[in-house]
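Following: one structure in structure tokens, then a few remarks.
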Amino acid sequence: MKNKVFDWRARQSWLASIQHYADDLLRPSIQSWIAHNRPKCWSDDMSWLPDSEDVVPEFVSRFATYYGYFKGFHGCRPLTLSSYYEQGLVGQDSAELFATFREIFSDVPRDKVDRVIEEFADRGLRERGAIWFVGDDASLIEDCGHYAIQGSEFLMALAAALCGPDAGEDYRFRLRQHGVPTILEVDMPASFVPPEQRNEVAAMVLSAWGQSVARRPLGLEVEPCYVVRRDIPPDCIKSHYHPQRIRDPHQGFRTYQNPAVTCDVCG
Ligand SMILES: [Zn+2]
């Protein structure tokens, strides 16, 4: 069972799979109660579910046993892709990002750059080793395209901090001249995902199941987000692509035309 991959985009498939691990738990009496009463089946408040104090923890535990992997998507703008395929995804390293930052903004007075780096030292430590993933690549193109358009959020924050009233340039846009907008598809072992995030996804699955039984969609589709605090080995990378068009949240969601649709790996 442990080779099953949880893919948030494949809703019909994970709804149908519930019968393989929780059919006896979400028994007919519970189903008919939900179908009859049609409660609002939230994921963060399970009081709609009969016997929820017993059923929810058991469901969460069975979900965790059933799925061995979680599919996540990572938006980035790397200079080359080959390092990902050789070394995997390496967690955020502020020293490296500070070095890139110095390089990109080498024409800006050094004391200004130093000041920004000093300001961000704490955040660098806090986020050390973290890698961010979302459950659906569409959101990296439609809603939060800035990761692929401009790259690292940390670099973006540094560039934004460097812009003072006298900068005369929005430095964030300079990050668009480096690297290739990329979406990476990664199947990470379930043990890489912090348990509270896995439990949250299980609750979202249970909520979606409830909504379909109640025939009462809540219309609040929030996708899972995985923050992984360890390096991801290369064999977890399933594919990558370079979206041609990305909606640009920093320019009123206008379409950004990607000038680089191939890289050193696929080009
Ligand atoms: Zn490529």
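Summary table below
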{"read-out": "Sparsely packed trypsin sites (Lys or Arg not before Pro) within the stretch 161-206, loop by DSSP, other Cβ within 10 Å at most 12", "value": "none"}
{"read-out": "Distance from the stretch 198-263 to the stretch 93-134 (C-alpha centre basis), Å", "value": "26 Å"}
{"read-out": "Debye, to nearest 20: dipole size of the chain, +1 on Lys, Arg Cβ, -1 on Asp, Glu Cβ", "value": "620 debye"}
{"read-out": "Count, lysine Cα pairs under 16 Å in the chain, 8 or more residues apart or across chains", "value": "4"}
{"read-out": "Inter-part distance where the stretch 162-180 and the stretch 10-78 are each reduced to a Cα centre, Å", "value": "44 Å"}
{"read-out": "Share of carbon and sulfur in the accessible heavy-atom surface of the chain [1.4 Å probe, %]", "value": "49 percent"}
{"read-out": "The stretch 1-90: Rg to Rh, with Rh as the Kirkwood radius over Cα pairs", "value": "1.14"}
{"read-out": "Stokes-Einstein D in µm²/s, Kirkwood radius over Cα pairs - the stretch 139-231 at 4 °C with 1.567 mPa s viscosity", "value": "78 µm²/s"}
{"read-out": "Area of Asp51 that stays accessible when all protein chains are in place (1.4 Å probe, Å², to 10)", "value": "70 Å²"}
{"read-out": "Rotationally averaged projected area of the chain (alpha carbon convex hull; nm²)", "value": "16.1 nm²"}
{"read-out": "Distance-filtered residues of the stretch 171-210 - backbone nitrogen under 13 Å, label point 7 angstrom along Arg9 Cα→Cβ", "value": "183-187"}
{"read-out": "Those residues of the stretch 80-115 whose amide nitrogen sits under 13 Å from the label point placed on Val265, 7 Å along Cα→Cβ", "value": "80-90"}
{"read-out": "Exposure rank, largest accessible area first [Cys163, Cys266, Cys76; 1.4 Å]", "value": "Cys266, Cys163, Cys76"}
{"read-out": "Unit charges at the beta carbon, dipole of the chain: most positive-side option, Gly179, Phe192, Leu25", "value": "Leu25"}
{"read-out": "Among Ile30, Ile18, Ile149: highest mean-square fluctuation, GNM of the chain, C-alpha pairs under 10 Å", "value": "Ile30"}
{"read-out": "In the stretch 162-257, the GluC sites (Glu not before Pro) that fall in loop regions by DSSP, at most 14 other Cβ within 10 Å", "value": "Glu169, Glu221"}
{"read-out": "Distance between modelled label sites at Ala35 and Gln257, nm, 7 Å Cα→Cβ extension", "value": "5.4 nm"}
{"read-out": "GNM flexibility winner over the chain from Val201, Val108, Val134 (Cα, springs under 10 Å)", "value": "Val108"}
{"read-out": "Residue of Phe133, Phe192, Phe105 that the Gaussian network model of the chain assigns the largest fluctuation, springs spanning Cα pairs under 10 Å", "value": "Phe105"}
{"read-out": "Value of [θ]222 nm, deg cm²/dmol, for the chain, DSSP H segments ≥ 4, -39500 (n - 2.57) each, nearest 500", "value": "-12000 deg cm²/dmol"}
{"read-out": "For the chain, accessible area per residue (1.4 Å probe, heavy atoms of protein chains only), Å²", "value": "50 Å²"}
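The values are calculated or read from the model by the stated rules, or taken from the named source; none is laboratory data. Predicted model only: the values in this text are computed from it and were never measured. Methodologically, a virtual Cβ is constructed for each residue, glycine included, from the backbone with ideal geometry; neighbour enumeration extends over all protein chains shown. Protein only, heavy atoms only, side chains kept; ligands, DNA and RNA dropped before computing areas. Shrake-Rupley method; radii C 1.70, N 1.55, O 1.52, S 1.80 Å.
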